[in-house]
Amino acid sequence: MRKIIMFIFFTLFISCVNSKHSEIKIFQKKGEDFLYVLELKDIDSTFSFSQTYFEGTASCQGKWSRKEKIIILNCNEVNSFTEKISSGYMSKRNYNIKIINKNTLQLDNIKLEKVRQ
């Protein structure tokens with residue numbers, strides 16, 4: 001009996017731990033000539049943000065935090081000069097994103113919608 005209870009306990013514990021690792025929220029906005037994608041990971045408060053246009057893609061990764069109805073993105077610093085002058089470098093390194101509701105975020109005048117997973 002004790003082995004069965006321990007088995008059930010560990011099974012539930014492992015499933016809870018695994019579900020935390022899958023807490024990734026993806027928001028996007030797709031237009032005629034652009035695509036914005038924001039991926040937020042709850043487990044370690046990291047993010048990936050990309051802006052794709054006809055000419056190319058700029059992206060950054062970093063840490064995010066939440067203060068009331070605002071998500072603050074802080075891109076990691078890039079030390080390489082060649083990365084800073086490349087077309088994929090985002091010159092803006094900090095973003096404040098307004099939380100409209102659980103499925104919609106607003107970055108400046110762009111509304112990012114949550115992608116169903």
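Structural remarks
- Among residues of region 60-117, those that are open to solvent by less than 80 Å² (accessible area, probe 1.4 Å), farther than 18 Å from residue 42 by Cα and not hydrophobic (A, V, I, L, M, F, W, C), counted: 6
- Flag for residue 49 being of a type in the set (A, V, I, L, M, F, W, C), at pLDDT 80 or above and open to solvent by 70 Å² or more (accessible area, probe 1.4 Å): no
- Taken residue by residue, region 36-45 has at least one member that is at pLDDT 90 or above, outside any strand (DSSP E or B), acidic (Asp, Glu) and open to solvent by less than 100 Å² (accessible area, probe 1.4 Å).
- Hey, residue 91 more than 21 Å from residue 115 (Cβ to Cβ) and outside any loop (DSSP other than H, G, I, E, B) or not: no
- Residues being farther than 14 Å from residue 57 by Cβ and under 10 Å from the mean Cα position of the chain (by Cα) - total across region 28-38: 0
The values are calculated or read from the model by the stated rules, or taken from the named source; none is laboratory data. Nothing here was measured: the structure is a model prediction, and the numbers come from that model. Cβ sites come from the backbone with ideal geometry, for glycine too, and all protein chains shown count toward neighbours. Protein only, heavy atoms only, side chains kept; ligands, DNA and RNA dropped before computing areas. Shrake-Rupley method; radii C 1.70, N 1.55, O 1.52, S 1.80 Å.
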